[in-house]
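The values are calculated or read from the model by the stated rules, or taken from the named source; none is laboratory data. Please read all numbers here as calculations on a predicted model, not as lab measurements. For neighbour counting, all protein chains shown are included, and Cβ atoms are generated from backbone atoms with ideal geometry for every residue, glycine included. Ligands, DNA and RNA are stripped out before the accessible areas are found, and what is left, the full protein with its side chains, is counted by its heavy atoms. Shrake-Rupley method; radii C 1.70, N 1.55, O 1.52, S 1.80 Å.
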Amino acid sequence: MQFTNSYQPAMFVKTALLKLFVLFISLGGAMVHAQSAGIPDPASHFGFTPGEDRKLFNYEEMISYLKRLEEVSPMVKLEQIGTSEFGKPLYLAFVSSAENITRLDRLREINRRLAMKADLAPEEVDQLVEEGRVFFLMTLSMHSTEVGPSQAAPLIVYEMITSDDRGIRKTLDNAVYMFTPSHNPDGMNMIVEHYKKYLGTKYEGSSMPGVYHKYAGHNINRDFITLNLKENQAIARAYSKEWFPQVAVERHQMGSRGPRYYISPPSDPISENIQPGIWNWKRIFGSRSLTAMTDAGLQGVSVNYLFDMYWPGNTSTSLWKGVVAMLSEAASVDIASPIYIESNELTVTGKGMAEYDISINMPDPWPGGWWHLSDIIEYERVNTLSYMHTAAIHREEILRYRHDIARKEVERGRTEPPYYYILPRQQHDQSELADLVNLLNKHGVSAYELLNDREVQNRMFRAGDIVVPLDQPFRAFIKEVMESQTYPVRHYSRGGDMIRPYDITSWSLPLHKGVESAEINTRVEIPGTLLRKVDIPYKITAAQPENHEGFLFSANHNESYKAAFRAAALGIRVERLTEPFSYRGMTIPEGSFYVPSHRRADEILEDLLVDPVCLTSQFDGQSVQLQVPRIALIESWFHDMDAGWTRFLFDTHHIPYKVLRPAELQEANLVRDFDLVVLPDQSQAVLMAGKGGSPGNYIISRYPPDYAKGMEQKGLNNLLGFLDKGGKVVSWGRSTELFMGNLSIEDDNGDKEEFSLPVSNIGSRLQEQGLDVTGSLLRVRLRPDHPLTLGLPEEIGVFHRGNPVFATSFPYFDMDRRVIATFPKEKNEILMSGFIQNEQLLTNQVAMVWVKKGEGQLVLFSFCPQFRGSTPATYKLLFNALLME
């Protein structure tokens with residue numbers, strides 16, 4: 001008998017219904033109480049009980065329910081804190097006792113004073129602790145395929161505000177449940193729409209084509225240092241500058257074939273900048289929840305498993321700001337469709353558990369069987385209530401501890417190095433200096449300007465230089481993002497394998513931005529009389545003449561490219577300097593931009609952080625008119641996050657482009673419609689065949705077949721023909737494999753030209769020899785006086801993963817090559833931040849190369865020049881590649 005995706009054996013149906021019945025029984029007499037109070041239950045609002053198989057509500061439906069609860073219950077409050085990238089309102093919801101909700105503003109002020117005022121008198125601390133309540137921030141379903149946390153929220157809120165359970169009432173008297181109904185509203189609706197589109201078909205539960213966000217998709221939680229995305233700016237503002245919660249958890253789902261649930265504490269490695277007490281609090285919350293969930297019969301709950309707390313890229317970045325920040329992960333279903341897992345399919349990764357069996361980190365393993373969305377919701381419900389209960393019973397300790405952290409961090413900033421970070425005002429790229437100062441402010445970090453010259457640590461710093469003291473409550477965060485990272489190597493056993501990082505190992509803001517920063521480790525006090533707190537937004541301004549003929553934007557500044565592209569989009573003629581230009585004692589470098597005065601000039605200047613040079617006379621330097629290319633951006637349907645980040649960079653810098661899918665390359669008239677093709681980091685298998693894996697070892701995807709298509713040989717032939725006829729191609733990361741090895745171009749007459757470009761990828765060979773780079777910042781030296789390196793210093797850091805690495809060869813026929821970026825020859829000079837093994841294998845190897853084929857030009861990066869919007873030091877390499885003649 002053939003079972004369709006909708007077939008369910010009778011026992012399975014009974015089990016699912018029983019679980020939902022148990023959930024309603026857990027709400028008990030609250031439903032009767034709620035009806036008399038006019039509080040609608042979730043089933044009456046949505047038309048189904050959240051958690052039912054194959055049933056989902058969207059973002060607007062969820063918000064409408066929460067708003068209805070706000071209308072009828074004094075225990076619920078919603079506050080809009082921002083908008084999503086597509087403009088949807090983003091909310092924080094607060095659930096607590098009616099008394100606490102009426103005095104939220106006062107409680108917020110208590111939170112702020114305890115978190116940010118390190119010098120409070122003991123008597124005031126006692127008073128604030130007595131009056132305060134624990135705020136527990138929970139961010140839900142930022143990864144939109146992980147629907148469980150958001151789908152569980154209405155049931156959890158309903159239970160909290162209607163239950164007569166004394167424990168819940170006492171919990172809400174002492175704590176405030178503060179949550180984002182959906183951290184990613186746009187993605188939530190995308191996933192719900194996709195799921196419903198294929199519901200009842202063979203593709204039910206399939207992967208949604210594209211990214212479930214305007215730009216970042218799954219990478220939305222890799223942005224909490226750089227804060228590029230509107231959703232993350234809003235959440236970070238809530239915990240860093242407005243509400244100052246004491247506890248937080250970021251709620252996710254993980255793979256289906258391991259433990260059913262993960263809770264704190266994390267596995268190794270952990271950040272060495274965090275005070276030990278925070279780790280202990282995470283253990284307290286996790287241990288109590290493990291007990292509560294196991295007592296409730298919830299199997300497969302794990303701790304100390306898989307997820308480390310070394311990298312500060314997600315909402316848990318609040319951990320570095322004194323918040324007891326945690327992560328939870330539930331085993332996934334197929335969006336809302338149940339799955340069946342055989343016991344032999346259950347496995348673990350080895351990080352925290354080596355076998356799927358009874359252990360101290362998972363004392364009651366789940367045996368396998370059917371797994372439903374309702375299961376996820378029940379785990380979420382019990383975990384939420386347990387976490388809130390723990391927060392409530394430890395209210396005074398947690399509030400007092402939050403203030404203790406602030407006091408200790410300020411004291412450490414005064415007594416332990418580093419004491420300051422000083423950023424000279426004179427930087428190669430002043431726009432990135434200004435952006436860094438403004439970013440620190442978004443994080444709740446104060447920065448100051450020197451009012452007079454001052455010698456510190458045997459170096460003279462000048463008036464106007466930026467000083468970031470570490471005697472601040474967020475000292476741990478300041479140190480974490482301002483220093484160079486050194487990965488804390490830990491092993492599974494003595495002499496055993498190294499515990500590998502969960503994600504990347506470098507995030508130093510100064511290094512990633514190419515901003516010089518001096519770490520002051522000599523104990524010295526810069527008197528407050530020499531410092532002035534910077535105005536926000538921080539800008540580097542200069543006196544401007546009333547009358548001017550035009551503006552010069554330095555090629556050294558990233559934002560100059562933004563200004564040039566913006567001016568061109570407004571129809572203003574832009575000139576690019578072909579040689580340095582001297583003006584009133586200043587030398588404006590080659591590659592800079594001249595924009596004549598124009599009635600719409602304010603639209604170009606309004607968002608800039610550094611004033612351009614204003615010319616009071618006609619520009620008479622050597623230049624050519626800027627030609628903005630017609631760009632085709634190749635973005636696959638396979639959740640192509642790197643292409644999404646490329647669109648983010650292009651959109652924020654006013655760079656026009658058109659997205660083409662790989663399969664469209666088969667028929668696209670590239671020569672007629674485009675000047676340049678951009679291929680972001682994506683696997684050769686996805687681009688060529690619309691499959692995972694690698695050529696010769698393909699993996700069939702879970703995308704509907706209309707979206708699982710590649711360019712095939714026909715599309716590659718079209719792309720190579722475009723290059724040969726004068727087109728320009730820019731490629732980085734894995735997509736560069738398209739251009740390696742034996743290639744061919746077949747013309748309309750069937751004539752075939754076979755060739756091999758004078759470049760190859762030796763990255764895999766180096767890895768076999770022991771090269772290991774885990775997402776680190778590596779030093780490269782740039783080819784001077786080349787169009788691709790205009791505006792750049794001689795050395796920069798590039799974000800690298802160790803593969804690809806290029807080697808060039810002697811060209812023949814109509815080909816040529818130039819090495820643009822090379823790793824240093826000197827041993828131990830390559831790693832700038834992060835982790836690398838066998839660094840010597842990279843010495844003098846090629847990181848970036850320009851290739852000529854026929855009439856066209858190809859630029860190959862072994863690194864992502866716009867990695868997650870976090871590597872401004874390499875943006876100009878990409879901008880120059882887009883503008884190459």
Skipping prolines and chain starts, which residues have an amide H placed within reach, meaning under 5 Å, of the one on GLN845, given they are 5 or more residues away or on another chain? PHE823
In this structure, the FRET efficiency calculated for LEU451 and GLN127 from their beta-carbon separation, with R0 = 51 Å, to the nearest 0.05, is 0.85
Share of pairwise Cα separations in the range 454-501, more than 15 Å, in percent: 68
Cα extents of the range 709-830 along the principal axes, largest first, in whole Å, come to 53, 35, 28
What do you get for the angle between helix 148-162 and the principal long axis of the chain? Use alpha-carbon atoms, 0 to 90 degrees, nearest ten. 40
Find how many whole Å separate the alpha carbon centroid of the range 391-422 from the alpha carbon centroid of the range 472-520. 20
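Where does the chain land at 222 nm, in deg cm²/dmol rounded to the nearest 500, when only DSSP H runs of n ≥ 4 count, each adding -39500 (n - 2.57), divided by all residues? Let's see the in-between values first.
Values: 25 runs with 273 residues, N = 885.
Only helices count here, giving -9500 deg cm²/dmol.
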Helix 395-415 versus the longest principal axis of the chain: what is the Cα-based angle in degrees, 0 to 90, to the nearest 10? 30
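Past 28 Å, Cα to Cα: identify those pairs from LYS825/LYS852; LYS691/LYS714; LYS88/LYS539; LYS67/LYS214, in the order given.
Values: LYS825/LYS852 26 Å; LYS691/LYS714 16 Å; LYS88/LYS539 30 Å; LYS67/LYS214 26 Å.
Where the Cα-Cα span goes over 28 Å, the pairs concerned are LYS88/LYS539.
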Calculate the FRET efficiency for ALA569 and MET884 from the Cβ-Cβ distance with a Förster distance of 25 Å, rounded to the nearest 0.05. 0.80
Ranked highest first by average number of other Cβ atoms within 10 Å, how do 659-668, 818-827, 871-880, 848-857 line up? 871-880, 848-857, 659-668, 818-827
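Roughly how many percent of the accessible protein surface of the chain is carbon and sulfur, given a 1.4 Å probe and a whole-percent answer? Each step should come with its number before you reach the end.
On the way: 16030 of 34060 Å².
It is 47 percent, rounded to a whole number.
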Against the longest principal axis of the chain, how steep is helix 104-116, in degrees 0 to 90 to the nearest 10, with axes from Cα atoms? 60
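Determine by what factor the alpha-carbon radius of gyration of the range 456-554 differs from 2.2 N^0.38 Å, reporting the quotient.
Values: Rg = 20.3 Å, N = 99, 2.2 N^0.38 = 12.6 Å.
My calculation over the Cα atoms of the range 456-554 gives 1.61.
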Of GLY47, ASN844, PRO537, which is farthest along the charge dipole of the chain in the positive direction, counting Lys and Arg as +1 and Asp and Glu as -1 at C-beta? GLY47
Taking the alpha-carbon distance from LYS351 and a cut-off under 28 Å, which lysines remain once sequence neighbours fewer than 8 residues away in the same chain are dropped? LYS282, LYS321, LYS479
Answer label for volume of the Cα convex hull per residue in Å³ (calculated), chosen among (1) 250; (2) 215; (3) 184: (3)
What are the trypsin sites (Lys or Arg not before Pro) within the range 182-263 that DSSP puts in a loop, where the Cβ has at most 15 other Cβ atoms within 10 Å? LYS202
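Using Cα-Cα distances under 8 Å and only pairs 6 or more residues apart, what relative contact order does the chain have, in percent?
Numbers: 1884 pairs, mean separation 90.8, N = 885.
Across the chain, relative contact order equals 10 percent.
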What are the aspartates and glutamates whose alpha-carbon lies under 19 Å from the alpha-carbon of LYS827, with same-chain residues fewer than 8 places away excluded? ASP772, GLU794, GLU795, GLU839
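Relative contact order, percent, of the range 573-718 when contacts are C-alpha pairs under 8 Å separated by at least 6 residues?
21 percent.
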Spacing of the two label points (7 Å from each Cα toward its C-beta) at ARG765 and TYR492, in nm: 3.1
How high is the FRET efficiency between GLU355 and GLN840 when r is their beta carbon distance and R₀ equals 22 Å, given to the nearest 0.05? 0.05
Listed by chain and number, the aspartates and glutamates with an alpha carbon less than 12 angstrom from that of LYS728, same-chain partners under 8 positions apart left out, are ASP675, GLU855, GLU885
The chain, dipole about Cα centre (Lys/Arg Cβ +1, Asp/Glu Cβ -1), debye to the nearest 20: 720
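Write down the accessible area per residue of the chain in Å², having rolled a 1.4 Å probe over the full set of protein chains.
On the way: 34060 Å² over 885 residues.
Ligands and nucleic acids excluded, the figure is 38 Å² per residue.
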For a label point 7 Å along the Cα-to-beta-carbon line of SER617, residues of the range 561-581 with backbone N under 18 Å: 580-581
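Kindly give Rg over Rh for the range 203-299, based on alpha-carbon atoms, with the Kirkwood expression for the hydrodynamic radius.
Details: Rg = 17.0 Å, Rh = 16.7 Å.
The Rg/Rh ratio comes out at 1.01.
Let me know the charge dipole size of the range 376-452 about its Cα centre in debye, to the nearest 20, where only the beta-carbon of Lys, Arg (+1) and Asp, Glu (-1) is charged.
280
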At what distance in angstrom do the alpha carbon centres of the range 598-657 and the range 288-305 lie from each other? 52
Per-residue HN-Hα couplings for the range 61-78 [Karplus 6.51, -1.76, 1.60; θ = phi - 60°; Hz; x = Gly/Pro]: 5, 5, 5, 5, 5, 5, 5, 5, 4, 4, 5, 9, 10, x, 9, 10, 9, 10
Cα-centre dipole for the range 753-843 with unit charges at Cβ (Lys and Arg positive, Asp and Glu negative), debye to 20: 240
Zone of THR652's modelled label, taken as backbone nitrogen in the range 286-319 under 20 Å from a point 7 Å along Cα→Cβ: 312-318
Under 5 Å, built H, 5+ apart or other chain: amide partners of MET326: ALA248, VAL249, GLU250
Antiparallel bridge percentage (DSSP; both residues within the chain; nearest 5): 70
From the phi of every residue in the range 208-215, what ³J(HN,Hα) in whole Hz does the Karplus formula 6.51 cos²θ - 1.76 cosθ + 1.60 yield, where θ is phi - 60° and glycine or proline is x? 6, x, x, 9, 8, 5, 4, 10
